[in-house]
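What follows draws every value from the coordinates through simple rules; no lab data is involved. Everything numeric here is computed off the predicted structure, so don't read it as measured data. Quick reminder, even Gly has a Cβ in these numbers, built from the backbone with ideal geometry, and neighbours come from all protein chains shown.
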Amino acid sequence: MNRATKHLLFAAATLLAVSAVAGDLKIGVAEALTGGAAQYGVPIRNGFQLAADEINAKGGINGNKLVLVVEDEQGKKEEAINVFKKLIFQDKVLMIFGPTLSNSMFAAGPVANAAKVVAFGTSNTANGISEMGPYIFRNSVMESDVLPVTVSTAVKHYKIKKVAVIYGNDDAFTKSGYDVFKKVLEDQKIPVTTTETYVKGDVDFKAQLTKIKATNPDAIICSGLAEEAATLMVQARGLGLKVPFIGGNGFNSPKLFEVSKTAGEGTFVGSPWANTNPTPANQHFVEAYRAKYGSEPNQFAAQAYDAMSIAAAALKTIKVTGNLANDREAVHGALPKVAISGATGPFKFRQSVGKDGKPAGYDADQKPFIYVIRDGKFVLFTGK
Amino acid sequence: MLEQQLVNALTLGSVYALFSLGFTLVFGVLEVINLSHGAMFMAGSFAAMTVVTRFKAPLAVGILAAMLVSGLLGLAIDALILKRLRARHAPHLIPMIATIGATTVLTSAAQGLFGVEVQRFPDELLSTREFIFGSVHVRALELAIVGIAFLLMTALFLVLRHTRQGRALRAIAESPKAAALLGINVEGLFLATSFTAAALGGVAGLLIGLNFNSVTPLMGQPILHKGIAVVILGGMGDIRGALFGGLFLGFAEVLSKAYLSSQMGDAVAFGLLFLILLVRPAGLFGRVLERKA
């Protein structure tokens, strides 16, 4: 074999290798990997990676490998838009997972919707996300599905007559949680003694808590992120305010206990995921996550893990042609039909109705788990 | 409820004052708005946390580590950035922007080194002792913050008033050129000031990190904004101003949250700040600078 033939063969082999790679299924992942929202974004990215690695290890989807194009949207609206544009127009992904915060989804979602690319949020729980358009999906259970159950369970357990409310009013997620709480309290006819607010970055809540204490409520309803909620609990106990808390989705993080220790005893929280849920799918996820990342998974990782399984189930039913617009449309068509049973339990989509009255994007159709905090841990509430 | 709110205001005000001490010192001497002070605050917290968790050192060593690491970082920023800008007579805005850059580098480095998640001090370090006077609850740590804020302020004030170095610093604040002509080691004192201010920032970060038991790479940002307001209100560069400005902001914020609405806390605090500046444009303790020409 002379040198020229060798070169030719090598070139041919390279070409073959390249054409094999062309069968990859490129999925965009736009999550907050730095900045304040990274405490949610990083476990989410891990959840995607874990699921994709497992799927690829089993031979991929119809012989094609999942390839994740991971971008950091920093938890910022502007950055989320930039990253979405890069993933859609430059990386030419089939669909996008993310962004992390509802705020960012409100900004970047319309970009994907206009480009007819699926934007699949796994952690956006604010109201109105899926109303933005038919290409917006999420498997994160909305506050409006969880909170009525949380509130009525806690009210029954503690025989609550009146509550005080505190929330972060400069964040789409906590504000939307507050709106839902407000409606739930009206529906369940529970009087509110006072409504207090704070802004992101606040670490001193004693002024508001002192005021709450003076109104003598039976419980404190709080729509806030875990960090703030934990500090709130510690400061409430420090002021001699001993009533239980009732929390929104932001409480769902092991971070809550690192600060609050036992200050959060008796708190009621609803969650789409239970780490102690004994189903094989969940136990497998918890163990695989621990083995791969050396840390405990949280709800956000579980939802991301399930979201990747949902996408994989949809991709399995379509034939990838290589025509990007057609393939993206096929993904969009296949996703709503997916029903799986994953780490977060049985899952299917429910189509939402847009502001114009037409059918829009898709929300999660899933039942929440109710937890109570005992001995500094989330314990599945069983009625006692 | 009022007594408790007054105590709340005193502790919050002391937190602001503690942060603003170093911030205002740098401005007073170097005439630089050093926006990396928030990063010094963060670095102090992380330094202390590292020595107490990794090396199981006692808290006193943690305080020293906070002062040393933040101080050296402040020194490095001065030597690497501010000194060069001084040598080129860069206008005021340039060092301010440069310190924003330094902040970005330091917070990103902290995110890389320590991760993005909130870090905690070990339980045994945190004193949960609390004092109850009638209806008022105060934690020991909060009392310590109030005490240390007053103590450091007094110490700094006395040093500036009654020591040779203090007089030299005040001479520099008046006119660096004239001070140099008098044989004062201006560059040396600039470096010493940057070190001291950053070290004070580091201690503030440690105490506040302990108090709220939350240490993150971004912890310096929200308090930096309040710190700027405190320094402007107190009179740029005035040590007493930092204390009174901090307390003023604390009281305005807490009392408006308590008696108006919690939405109004910042609005009232900053509205009052605006009104005071209308009456006293140089702040509570500031002098209106005359043209130095």
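How high is the relative contact order of the range A:142-271, given as a whole-number percent (alpha carbon pairs under 8 Å, six or more residues apart)?
Reported relative contact order: 28 percent.
Taking 0.36 nm per residue of separation and subtracting the Cα-Cα distance, what length does fully extending B:A140 through B:V279 add?
So the chain would gain 46.2 nm between B:A140 and B:V279.
For the residue pair A:K337 and A:V199, what label-to-label distance in nm results when each label sits 7 Å from Cα along the Cα-to-beta-carbon direction?
It works out to 5.0 nm between the two label points.
Take every DSSP beta bridge with both residues inside the range A:15-129 and express the antiparallel ones as a percent of the total, to the nearest 5.
Roughly 5 percent of the DSSP beta bridges within the range A:15-129 come out antiparallel.
What ranking of B:L152, B:L93, A:L232 emerges when the number of other C-beta atoms within 10 Å of each C-beta is taken as an exposure proxy, fewest first?
Ascending Cβ contact count within 10 Å gives the list B:L93, B:L152, A:L232.
Could you pull the Rg and Dmax for the range B:137-220, using just the Cα atoms, both in Å?
16.7, 55
Before anything else, pin down the relative contact order of the range A:241-321: Cα pairs under 8 Å, at least 6 apart, normalised by residue count, whole percent.
With pairs under 8 Å counted, the relative contact order is 26 percent.
So if each residue of separation counts as 0.36 nm, and I subtract the Cα-Cα distance between A:N62 and A:K183, what length gain in nm does that give?
Taking A:N62 through A:K183 to full extension adds about 38.9 nm, to one decimal.
Semi-axes of the equivalent ellipsoid of the range A:152-308: what are they in whole Å, largest first, if each equals the square root of 5 times a C-alpha gyration tensor eigenvalue? Can you show the working numbers first?
Values: eigenvalues 171, 58, 43 Å².
Values for the range A:152-308, descending: 29, 17, 15 Å.
Which whole number in µm²/s is D for the range A:280-384 by Stokes-Einstein, with the Kirkwood Rh taken over Cα pairs at 37 °C and 0.692 mPa s?
Value of D from the Cα-based Kirkwood radius: 201 µm²/s.
Note down the relative contact order for the range B:71-142 as a percent, whole number, built from C-alpha pairs under 8 angstrom at least six residues apart.
Values: 22 pairs, mean separation 11.4, N = 72.
Computed value for the range B:71-142: 16 percent relative contact order.
With r as the distance between the Cβ atoms of B:E124 and A:N216 and R0 = 51 Å, compute the FRET efficiency 1/(1 + (r/R0)^6) and round to 0.05.
In this case the efficiency is close to 0.90.
Sum -39500 (n - 2.57) across every DSSP H segment of at least 4 residues in chain B, then divide by the residue count to get the 222 nm mean residue ellipticity, nearest 500. Working shown, then result.
Numbers: 12 runs with 211 residues, N = 293.
After summing the helix terms and dividing by residue count, I get -24500 deg cm²/dmol.
Give the aspartates and glutamates reachable from A:K358 as a straight Cα distance under 15 Å; neighbours fewer than 8 places away on the same chain don't count.
Cα-Cα hits under 15 Å: A:E131.
For the range A:218-359, build the convex hull from the C-alpha positions and give me its volume per residue in Å³.
168
How would you classify chain A from its alpha-carbon gyration tensor, with a ≥ b ≥ c the square roots of the eigenvalues: rounded for a/c under 1.5, else prolate if a/b is greater than b/c, otherwise oblate?
It is prolate, given that a/c is not under 1.5 and a/b is the larger ratio.
Nearest 10 degrees is fine. How inclined is helix A:143-158 to the longest principal axis of chain A, computing both from alpha carbons?
That works out to roughly 30 degrees.
Separation between the B:Q165 and B:I100 pseudo-spin-labels, each 7 Å from Cα along Cα→Cβ, expressed in nm?
If labels sit at B:Q165 and B:I100, their model points lie 3.3 nm apart.
I need the helices of chain B that pass two filters: whole DSSP H segments spanning 18 Å or more by Cα along the axis, and mean Kyte-Doolittle score no lower than -0.5.
Qualifying helices, which must be both long enough and hydrophobic enough, are B:2-30, B:37-54, B:59-77, B:93-114, B:140-162, B:186-212, B:220-234, B:239-259, B:265-279.
Per Stokes-Einstein, at 4 °C and 1.567 mPa s, what whole-number D in µm² s⁻¹ belongs to the protein assembly as shown, with the Kirkwood radius over Cα pairs as the hydrodynamic radius?
48
What number do you get for chain B when its Cα radius of gyration is normalised by 2.2 N^0.38 Å, N = residues?
The reported ratio for this selection is 1.00.
Please list, by residue number, everything in the range B:194-220 whose backbone N is under 19 Å from a paramagnetic label point 7 Å out along Cα→Cβ of B:E31.
It comes to B:194, nothing else.
Could you work out which residue, out of A:A229, A:A343, A:A334, moves most in a Gaussian network model of chain A, that is, has the largest mean-square fluctuation with Cα springs under 10 Å?
A:A334
Test of understanding: ordering B:T216, A:T122 by Cβ neighbours within 10 Å, fewest first, what list do you get?
Starting with the residue having the fewest Cβ neighbours, the order is B:T216, A:T122.
B:A155 to B:N185: FRET efficiency via 1/(1 + (r/R0)^6), r the Cβ-Cβ distance, R0 30 Å, to the nearest 0.05? Don't jump to the answer; show the numbers that get you there.
Numbers: r = 22 Å, r/R0 = 0.74.
FRET efficiency, B:A155 to B:N185: 0.85.
What whole-number distance in Å separates the alpha-carbon centres of the range A:85-159 and the range B:144-186?
Each part reduced to its Cα centre gives a spacing of 55 Å.
Between B:M1 and A:K161, take the C-beta separation as r, use R0 = 30 Å, and let me know the FRET efficiency to the nearest 0.05.
It comes to 0.90.
Note the angle between two axes, namely the Cα long axis of helix A:324-334 and the longest principal axis of the Cα atoms of chain A, as a number of degrees from 0 to 90, rounded to the nearest 10.
Roughly 50 degrees between the two axes.
Can you return the aspartates and glutamates within cross-link range of A:K58? Criterion is Cα-Cα under 16 Å, with same-chain partners fewer than 8 residues away left out.
A:D24
Can you put A:E31, A:E78, A:E227 in order of Cβ neighbours within 10 angstrom, beginning with the fewest?
In order of increasing Cβ crowding within 10 Å: A:E78, A:E227, A:E31.
Report, in whole Å, the centroid distance computed from the Cα atoms of the range A:252-267 and the range B:241-265.
Computed from Cα coordinates, the inter-centre distance equals 29 Å.
With runs of 4+ DSSP H residues as the only contributors, calculate the mean residue ellipticity of chain A at 222 nm using -39,500 (n - 2.57) per run, divided by the residue total and rounded to the nearest 500.
Calculated mean residue ellipticity at 222 nm is -14000 deg cm²/dmol.
With each pseudo-label sitting 7 Å past Cα toward Cβ, what's the B:Y259-A:E78 distance in nm, one decimal?
4.0
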